[in-house]
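Data block below; observations after.
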Amino acid sequence: MVDDPKPGDPASAMSLAMLRALAHPTRRRILRQLPTRDFARAADLAADLDLPANQVSFHLRVLGEAGLIREAPQHARDRRDRVWEAIPGTMSIGSTGDPALDDAIAQGIDDEHLDLMRRVNAHDKQHPGEAHSTFMLMNARLTEAEFRDLVHDLRTRIEELTFAHRADDEGVRFWQVHLLAGDDTI
């Protein structure tokens, strides 16, 4: 079993199995939905995602085998009940060495960034001033070390706050946070 990372631990590099698991869009949907709950069964996620439970169950097993999620037997009703939970922390996406797989993963992540951006923009137009979303565009003059420290500090703070709440805590909402940055050499 993977130990929970402590807030602020450096991001781990993803394994080839993790990257392959990420290449499938249904698995990325499951990975976005599972953390909105403290734990879930395939049937719970199937209802959330409007997918057949057997399909979700298959993808949960693949994600579990890849080490992106883990079983949570302490929440099971009996030995046959499979319950899953997200593994807290952050991961760094690298290259698989397979250009086609790398492109599939990158395209999926690009699509998810664009989808979130479109939803944020649409919501902000319909509900100006509400604190349900934000978009920040900033330029920063930083050294590489300062930038890495900034990302570390942001990740640490998000993890501290996330670990402090349960999914059903009053007033707590699930926020999808995408940090996209590039320096002037890109």
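A short reminder: the numbers here are calculations on the coordinates, not readings from a lab. What you see is a predicted model, and the numbers here were worked out from it, not measured in a lab. All Cβ positions, even for glycine, are placed from backbone atoms using ideal geometry, and neighbour counts span all protein chains on display.
The figures follow:
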{"quantity": "Relative contact order [Cα under 8 Å, 6+ residues apart], the chain, whole percent", "calculated": "28 percent"}
{"quantity": "P(r), alpha carbons of segment 81-139 - 10 Å bins starting at zero, rounded %", "calculated": "17, 27, 33, 20, 3"}
{"quantity": "Student exercise, segment 12-163 dipole from Lys, Arg, Asp, Glu Cβ charges, in Debye to nearest 20", "calculated": "440 debye"}
{"quantity": "Hydrodynamic radius (Kirkwood) for segment 55-118, which is based on Cα pairs only, to one decimal in Å", "calculated": "14.2 Å"}
{"quantity": "Alpha carbon Rg of segment 12-163, scaled by the compact-globule rule 2.2 N^0.38 Å", "calculated": "1.19"}
{"quantity": "Phi to ³J(HN,Hα) by Karplus 6.51 cos²θ - 1.76 cosθ + 1.60 over segment 115-121, Hz, x for Gly, Pro", "calculated": "4, 4, 4, 5, 5, 4, 4"}
{"quantity": "Dipole of the chain, positive end: most advanced residue of PHE58, GLY94, MET117 [Cβ charges, Cα centre]", "calculated": "PHE58"}
{"quantity": "Spin-label pair HIS24/LEU116, simplified geometry with 7 Å Cα→Cβ offset, distance in nm", "calculated": "2.3 nm"}
{"quantity": "Extension reserve of the VAL172-ARG80 stretch, reckoned as 0.36 nm per residue once the Cα distance is removed", "calculated": "30.0 nm"}
{"quantity": "Nonlocal amide H pairs with ARG70, under 5 Å, H built at 1.01 Å", "calculated": "GLU85, ILE87"}
{"quantity": "Full-extension gain in nm, THR143 to ASP102, via 0.36 nm per residue minus C-alpha separation", "calculated": "11.9 nm"}
